[in-house]
Amino acid sequence: MSAIRLLVLGAVRQHGRAHGYQVRGDLEYWGAHEWSNAKPGSIYHALKQLAKQGLLHAHEVAPSTAGGPPRTEYEITGPGETEFFRLLREALVSYGQKTDVQSAAIGFLVELDRAEALDLLRERIRRIGQWRSAVTGRYIPEDGPARLGHIGEIMNLWLHTADSDAAWTQGLVDRLAAGAYTFAGEGEPFVGVLAEGQENPYATGERHPEDDR
């Protein structure tokens with residue numbers, strides 16, 4: 001799964017309608033350019049591809065500030081909503097995907113209702129345990145990874161990463177079960193998007209040819 005696909009759909013969805021520079025600004029505001037491939041070129045490419053696939057609707061709304069073609073604003077479609085939630089649910093339960101995908105899913109967790117979010121996170125923990133049992137049963141010698149020499153450290157890394165993920169996820173489950181955060185249907189959720197014209201303290205400063213469109 002591509003994190004950029006989930007990130008772009010989610011960012012547009014939170015705005016209602018947004019142009020490329022707004023989407024880029026939001027993703028930088030979330031730090032996604034540091035922990036994912038959410039670079040300017042990838043963002044603009046994703047917007048165009050998602051529009052071609054019918055997951056976003058492109059509106060040409062005003063002349064570009066650079067005097068070129070009209071600025072394009074994007075709006076999520078019905079199929080786009082379906083794809084967004086499919087990606088979100090898949091990312092929350094799947095173990096073994098890249099960290100950027102998991103991070104993107106956590107960023108949109110409150111778009112679900114609390115009960116479903118808890119069920120998905122508990123399923124993630126179950127799948128981590130299932131993966132761990134399969135790996136240790138198949139690859140680790142009876143006297144431990146040390147028998148494999150320094151290659152055994154690879155297995156130690158895998159297991160440590162899995163155990164850390166499971167422990168962190170259980171902590172999140174406990175916090176959510178205790179009432180942390182505002183989920184869909186519970187009131188006004190936290191939405192971390194930049195208002196039009198709001199300064200982005202985390203902007204990279206790197207320009208892209210489509211920033212003025």
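Just so you know, all these numbers are worked out from the coordinates, no wet-lab data involved. Just so you know, these numbers come straight off a predicted model, no measurement behind them. Glycine also receives a Cβ, built like all others from the backbone with ideal geometry; neighbour counts cover every protein chain displayed.
Quick notes
- Residues His59, His160, His15 arranged by fewest to most Cβ contacts within 10 Å: His160, His59, His15
- Peptides 161-173, 70-82 ranked from most to least packed by the mean count of surrounding Cβ atoms within 10 Å: 70-82, 161-173.
- Fewest-first ordering of Ile128, Ile43, Ile106, Ile4 by other beta carbons within 10 Å of each residue's beta carbon gives Ile106, Ile128, Ile4, Ile43.
- Shown in residue order for the range 159-175 are the 3J(HN,Hα) couplings computed by the Karplus curve 6.51 cos²θ - 1.76 cosθ + 1.60 at θ = phi - 60°: 5, 4, 5, 5, 5, 5, 4, 4, 5, 5, 5, 5, x, 5, 4, 4, 5 Hz (x for Gly and Pro).
- Scanning residues 5 or more positions from Leu56 or on other chains, those with amide H under 5 Å from its amide H are Ala51, Thr77, with H placed 1.01 Å from N in the peptide plane.
- Built amide H within the under 5 Å cut-off of Tyr74, gap 5+: Ala18, His19, His59
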